[in-house]
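Please read the structure below before turning to the comments.
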Amino acid sequence: MHVTMNEAPKRLTAKTLPRSTSDQRRIDCRNQSRDETGEGPTAGRVSSQRVLVVDDDQDIRDALCELLRDEGYDTVAVGNGQEALAYLSSGKVPCVILLDLMMPVMDGWEFRRRQSSDPELSKIPVIVISAAGGARAASIAAEKVLPKPLHLDQVLDVLHQYC
């Protein structure tokens, strides 16, 4: 699976493409963490613009990380709600959480229930990013629901409100 950016309009999509496609842009931001883990280009830097990306699709996580970093955000990415809760329990607080809903281990709905029940974690705004549209996505009581495929401008507009 590869992630590509469609230039007009700017949409983030995940699809299988042959490796020989010349306009394909493989986006991989693994091992480029910008949190306080001691790794990555901004190790040790504390940022009020840290975004936690919670999505089980590695390509979507990588693409969002790279694109948001290009816009000046620090990013941390995890693959499910359980990993997100573990990260948040370490005391590292993002300015916003970008949350997919349909994930293995712990889905977005269960993550949101647990996050909302914790007085400290419930203060962190959640932006849902999901292909699960309609009432199911709205039922999570997030600050905003952005449908996949994501439009980069929409994501940035929402992040500017919270970071």
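The values are calculated or read from the model by the stated rules, or taken from the named source; none is laboratory data. Everything numeric in this text was worked out from a predicted model, so none of it was measured. We place every Cβ from the backbone using ideal geometry, glycine too, and count neighbours over all the protein chains shown. Side chains included, ligands, DNA and RNA excluded: accessible areas come from the protein's heavy atoms. Shrake-Rupley method; radii C 1.70, N 1.55, O 1.52, S 1.80 Å.
Could you list, in sequence order, the residues of the stretch 126-151 that are surrounded by 18 or more Cβ atoms within 10 Å (Cβ to Cβ), in a loop (DSSP other than H, G, I, E, B) and not charged (D, E, K, R)?
Hits for the stretch 126-151 are ALA132, ILE140, ALA142.
Scanning the stretch 55-93 for residues that are β-branched (Val, Ile, Thr) and closer than 19 Å to LYS123 by Cα, which turns out most open to solvent (accessible area, probe 1.4 Å)?
Among those residues, the one meeting the criterion is VAL93.
Looking only at the stretch 121-142, which residues are on the phi < 0 side of the Ramachandran plot, free of Cβ contacts under 8 Å to residues at least 24 places away in the same chain and out of contact with any helix residue (DSSP H, G or I) (no Cβ under 7 Å at 6 or more places or on another chain)?
LYS123, GLY133, ALA135, ALA138 - these are the residues of the stretch 121-142 that are on the phi < 0 side of the Ramachandran plot, free of Cβ contacts under 8 Å to residues at least 24 places away in the same chain and out of contact with any helix residue (DSSP H, G or I) (no Cβ under 7 Å at 6 or more places or on another chain).
Among the numbered criteria (1) under 15 Å from the mean Cα position of the chain (by Cα); (2) open to solvent by 30 Å² or more (accessible area, probe 1.4 Å), which single criterion is violated by PRO119?
Going through (1) under 15 Å from the mean Cα position of the chain (by Cα); (2) open to solvent by 30 Å² or more (accessible area, probe 1.4 Å) one by one, PRO119 breaks only (1).
Could you please find all residues in the stretch 99-116 being open to solvent by less than 60 Å² (accessible area, probe 1.4 Å), outside any helix (DSSP H, G or I) and hydrophobic (A, V, I, L, M, F, W, C)?
Result: LEU99, LEU101, MET103, MET106.
Would you check which residues across the stretch 86-118 are under 21 Å from LEU146 (Cβ atoms) and charged (D, E, K, R) and list them?
ASP100, ASP107, GLU110, ARG112, ARG113 - these are the residues of the stretch 86-118 that are under 21 Å from LEU146 (Cβ atoms) and charged (D, E, K, R).
In the set VAL96, VAL3, VAL51, VAL46, which member is buried (at least 20 other Cβ atoms within 10 Å of the Cβ) and modelled with pLDDT under 50?
On inspection, the qualifying residue turns out to be VAL3.
I need every pair where a residue in the stretch 59-85 that is assigned to a helix (DSSP H, G or I) has its Cβ under 6 Å from the Cβ of a residue that is small (Gly, Ala, Ser), sequence separation at least 6 or different chains.
ASP59/ALA14; ILE60/ALA14; ARG61/ALA77; CYS65/ALA77
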